[in-house]
Amino acid sequence: MKIVITGGPGTGKTSVIEALEAHGHFCFHEVSREIIQQAQKEGINQLFLKDPLLFSEMLLEGRIKQHKEAEKFIAEHVFLDRGVPDVVAYMNYFGNKYPPIFREVCQHYLYDKVFILPPWKQIYTEDKERYESYEQAVAIHDELARTYDLSGYDPVEVPCGTVTERTNFILDHLA
């Protein structure tokens, strides 16, 4: 079962993914940080801002690769930090144009369950790879929810709480 953990920036996705791993579940990590860090090594401070389509194509390629790899696992649950529709949601949020293939792959690479972590001001922080304000994070969350809905999913919102509480909430909804 392929399960997406999504949400706007700074919602605690990474902490939840790490907790799921600690529980023995296989998890795929967010690919955007790797792309951003590689671009920064090449002297491009924010690839998404410089060339949003290239950045998004690289993300889409990485998320499709993760989806294909997740299909090979025999494990009952495989968690992914973001899914293919996240790429479309971010492009929509920033008003960037993209080719129809972006939406088409959302219908081809499907997930069994989607959990969305809502904005949470108390834990939100910016860093070298996260440059959005909290208000932008809220708007991105709304676009993620809309895009997953339009892609045929009914994302389950994970309530705010400790990492353990959030992890247990997810696991309880899969039992």
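When residues of region 9-35 are filtered for being out of contact with any strand residue (DSSP E or B) (no Cβ under 8 Å at 6 or more places or on another chain), crowded, with 20+ Cβ neighbours inside 10 Å and over 21 Å from K68 (Cα atoms), how many remain? The number of residues fulfilling the criteria is 3.
Restricting attention to region 45-63, report how many residues are modelled with pLDDT under 75 and not in a helix (DSSP H, G or I).
Within region 45-63, the first condition is being modelled with pLDDT under 75, and the residues that meet it are 45-50.
Keeping just the survivors that are not in a helix (DSSP H, G or I) gives 45-46.
Total satisfying the criteria: 2.
Within region 36-63, the set of residues being within 15 Å of V88 (Cβ to Cβ) and either surrounded by fewer than 20 Cβ atoms within 10 Å (Cβ to Cβ) or under 15 Å from the mean Cα position of the chain (by Cα) (or both) comprises P52, L53, F55, S56, E57, M58, L59, L60, E61, G62, R63.
Out of everything in region 132-152 that is in a loop (DSSP other than H, G, I, E, B) and closer than 11 Å to G10 by Cβ, what residue ends up being modelled with the highest pLDDT? Across region 132-152, the extreme among qualifying residues is S133.
Could you count how many residues in region 64-107 are assigned to a helix (DSSP H, G or I), in contact with an Asp or Glu (Cβ under 7 Å, 6 or more places away or on another chain) and crowded, with 23+ Cβ neighbours inside 10 Å? Here the count works out to 1. Could we say that L80 is within 25 Å of P100 (Cα to Cα), aliphatic (A, V, I, L, M), in contact with a helix residue (DSSP H, G or I) (Cβ under 9 Å, 6 or more places away or on another chain) and at pLDDT below 95 here? No; evaluated as a whole, the condition is false for this residue.
Annotation for region 14-34: no member residue is farther than 29 Å from L174 by Cα and not in a helix (DSSP H, G or I).
Give the residues of region 155-175 that are out of contact with any strand residue (DSSP E or B) (no Cβ under 8 Å at 6 or more places or on another chain) and either exposed (fewer than 14 other Cβ atoms within 10 Å of the Cβ) or of a type in the set (V, I, T) (or both), sorted by residue number.
The initial filter retains those residues of region 155-175 that are out of contact with any strand residue (DSSP E or B) (no Cβ under 8 Å at 6 or more places or on another chain), namely 159-165, 167-169, 171-172, 175.
Hits for region 155-175 are P159, G161, T162, V163, T164, E165, T167, D172, A175.
Among the residues of region 98-114, those identified as of a type in the set (A, V, I, L, M) and within 16 Å of Y153 (Cβ to Cβ) are V105, L110, V114.
The values are calculated or read from the model by the stated rules, or taken from the named source; none is laboratory data. Quick caveat: nothing in here was measured; it's all calculated off a predicted structure. Using ideal geometry, Cβ is built from the backbone for each residue, glycine included, and neighbour counts are taken over all protein chains shown.
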